[in-house]
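The values are calculated or read from the model by the stated rules, or taken from the named source; none is laboratory data. These numbers were taken from a predicted model, which means no experiment stands behind them. Every residue, glycine among them, receives a Cβ derived from its backbone with ideal geometry; neighbour counts consider all protein chains shown.
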């Protein structure tokens, strides 16, 4: 229980330090959701910063090892999901070799992960809230 709290605090701290580093403004921040495809340079740099802070990007390189650790936190005991996640990481790692510039790298990796995850049917990845839990009827009424 307490460990989860620490992890959330740490995430919040990382997020804050990346905001001040990239100077992502309020509007851009509203549009920025972890693990959605970053469109602007600022969003790519924000993603790059977050990935660097958790070592998924290390010295301008995408770390398969660290990305796998992140996947393990999410899918750990689910063998099928973990295999899909590993395949996805391998595919995206190959694409990531085209640049060592952090913002560009984050853009490539995030785009790849989002697209591959959709293809593989991996939902609930980092930062995504599965929308399937709300029935369409309920959603219509809440608009």
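Quick notes
- Which numbered condition residue 94 fails, given (1) modelled with pLDDT under 95; (2) loosely packed, with under 13 Cβ neighbours inside 10 Å; (3) closer than 22 Å to residue 121 by Cα: (1)
- Among the criteria (1) more than 18 Å from residue 114 (Cα to Cα); (2) assigned to a helix (DSSP H, G or I); (3) modelled with pLDDT under 95, the one residue 46 does not fulfil is (1).
- Taken as a whole, the condition of being farther than 16 Å from residue 71 by Cβ, in contact with a strand residue (DSSP E or B) (Cβ under 9 Å, 6 or more places away or on another chain) and either modelled with pLDDT of 90 or more or crowded, with 18+ Cβ neighbours inside 10 Å (or both) applies to residue 106.
- The listed residue being touching a helix residue (DSSP H, G or I) at 6+ places or on another chain (Cβ under 6 Å) and at pLDDT below 95, out of 62, 32: 32
- Cβ-Cβ under 9 Å pairs, at least 6 apart or on other chains, segment 8-23 side in contact (Cβ under 8 Å) with a residue 12 or more places away in the chain, far side outside any helix (DSSP H, G or I) and surrounded by 10 or more Cβ atoms within 10 Å (Cβ to Cβ): 14/54; 15/34; 18/24
- All of (1) over 18 Å from residue 118 (Cα atoms); (2) surrounded by 17 or more Cβ atoms within 10 Å (Cβ to Cβ); (3) more than 14 Å from the chain's Cα centre (by Cα) hold for residue 81 with one exception: (1).
- The residues of segment 47-74 that are crowded, with 21+ Cβ neighbours inside 10 Å, free of Cβ contacts under 8 Å to residues at least 60 places away in the same chain and within 17 Å of residue 104 (Cα to Cα), listed by number, are 48, 49, 50, 51, 56, 57, 62.
- Going through (1) in contact (Cβ under 8 Å) with a residue 24 or more places away in the chain; (2) part of a loop (DSSP other than H, G, I, E, B) one by one, residue 104 falls short only on (2).
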